[in-house]
Amino acid sequence: MAEETQTQEEVETTEATTQAPTTYTQAQLDSEADKRAAKALETAKAKWEAEQAKALEDAKSEGARLAKMSADEKAQELEKQRQAALDKREAELNQRELSASTKSLLVDKGLPGELADSLVALGDADKIKSAVETLVKSIQETVNRQVESKLQTDPPKNGASALDGADDPFNKIMAQYKKK
């Protein structure tokens, strides 16, 4: 029984692999591409229409809410909206100003201006300045350490240095003067 099942699966596998690959004409490929594009457009259109309907519904509900208000309440609501818009603009201007000042600070310190975007996320000019100072100090210390390690040389291996030793020529000359 197990042999029959195994043989049957081998036959099905063999039949599946021996079938010729399907070839399509250019017209069939174009037709399939057109169908997919039409479906994508249809989906996008439906999504857009849903967004527009929601925006319209929100506008209607806002209008109905404003219609129910008295004149003073309407004026207060409009003032709140105007103030919110002004606050948003001010925040955007402050963000741009902070970004520009951060870039100029980085350039003055010799650092790449691309770091400005990540530093602006700190949000405060004093914090940004201290972060830049720390960054500059850290970079300078690292560079100095690396330069010092590169400049260190090994002592001569042939014993040519005889300073402060018994064969030091300076000590011999000094010894002559000390005797006199």
So how many Å³ per residue does the convex hull of the Cα atoms of the stretch 26-165 work out to?
265 Å³
Can you pick out the pairs among LYS54/LYS80; LYS80/LYS129; LYS54/LYS74 whose Cα atoms lie more than 25 Å from each other?
LYS80/LYS129
Between rounded, prolate and oblate, where does the stretch 73-141 land on the alpha carbon gyration tensor, with a ≥ b ≥ c its root eigenvalues, rounded for a/c under 1.5, else prolate if a/b exceeds b/c?
prolate
Amide H contacts under 5 Å for ASP168, restricted to residues at least 5 apart in sequence or on another chain and with H modeled in the peptide plane, are none
1/(1 + (r/R0)^6) with r = Cβ-Cβ of LYS68 and ASP126, R0 = 45 Å, i.e. FRET efficiency to nearest 0.05, evaluates to 0.40
Any idea what the relative contact order of the stretch 45-135 is, in percent, if you count C-alpha pairs under 8 Å spaced at least 6 apart?
17 percent
Length released on extending from PHE170 to VAL107, taking residue separation times 0.36 nm less the Cα-Cα span
17.4 nm
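Read-outs: derived from the displayed coordinates by stated rules, not from any lab. Since this is a predicted model, take the numbers as computed values, not measurements. Positions of Cβ are generated from backbone atoms using ideal geometry, with glycine treated the same way; all protein chains shown enter the neighbour counts.
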